[in-house]
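Novice: First the structure, which I've put down as structure tokens, then a few questions once you've had a look.
Any read-out appearing in this document is the output of simple, stated calculations on the displayed coordinates, not a laboratory observation. Just so we're clear, the structure is a prediction, and the values are computed from it rather than from any experiment. Neighbour counts run over all protein chains shown; Cβ positions are idealised from the backbone, glycine included.
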Amino acid sequence: MTQVVTLSFAWSSPSGRVKAVYRAEVLRREVESDRCVCRLLELVGVERSGSGEEVSDAALRALIDKCVRVPGEALNGLTLPLKMATLTGGLTRPYFFDEE
């Protein structure tokens, strides 16, 4: 049976903060590291304080159908603060990825 959860991510920039909330499917649990791999199914909400113009709605929607590895606490409502590079692709290993 598939477990569907809510995941929240937040990005801060000089112009403000953006919080995005997604409905996600838990694909698997990694017990040894207390992490879960989830697929983002739907963007259900966006909150902005300041303009947060560096984080566009299009960039947030582009994460739909991507997978993400999150700590177990994220399944219990913890908002994960992320670096802007997670959206811009500036990381050596992408934070959001296509299914392995």
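Novice: Tally Lys/Arg at +1 and Asp/Glu at -1 over every other residue whose Cβ is under 12 Å from the Cβ of R35; what's the total? The partial results should precede the final answer.
Specialist: Values: positive: R28, R29, R69; negative: E30, E32, D34, E73.
Summing Lys and Arg as +1 and Asp and Glu as -1 gives -1.
Novice: Taking R0 as 25 Å, what's the FRET efficiency between V4 and D65 from their Cβ-Cβ distance, rounded to 0.05?
Specialist: Numbers: r = 14 Å, r/R0 = 0.58.
E between V4 and D65, to the nearest 0.05, is 0.95.
Novice: Order these by the 10 Å Cβ neighbour count, fewest first: Y95, Y22. Intermediate results must be reported in sequence, preceding the final value.
Specialist: Working: Y95 18, Y22 22.
By the 10 Å Cβ count, ascending, the order reads Y95, Y22.
Novice: In nm, to one decimal, how far is the A85 label point from the E32 one, both placed 7 Å along Cα→Cβ?
Specialist: 2.6 nm
Novice: Okay, next question. Cα gyration tensor of the range 1-51, axes a ≥ b ≥ c as square roots of the eigenvalues: rounded (a/c below 1.5), prolate (a/b > b/c) or oblate? It would help to have the intermediate numbers written out before the result.
Specialist: Numbers: a/c = 4.79, a/b = 1.97, b/c = 2.43.
It comes out oblate by the Cα gyration axes.
Novice: Which listed residue (C36, S49, A59) has the Cα farthest towards the positive end of the charge dipole for the chain, taking +1 on Lys and Arg C-beta and -1 on Asp and Glu C-beta about the Cα centre?
Specialist: Sorting the options by dipole projection puts first S49.
Novice: Helix-only estimate, please: 222 nm mean residue ellipticity of the chain, summing -39500 (n - 2.57) across DSSP H runs of length 4 or more and dividing by its residues, to the nearest 500. Can you show the working numbers first?
Specialist: Working: 2 runs with 9 residues, N = 100.
Theoretical 222 nm ellipticity from helices: -1500 deg cm²/dmol.
Novice: Treating the range 46-100 as a set of equal point scatterers at the Cα positions, no solvent, please give the Debye-formula log₁₀ I(q)/I(0) at q = 0.30 Å⁻¹.
Specialist: Ignoring solvent entirely, the Cα scatterers give -1.38.
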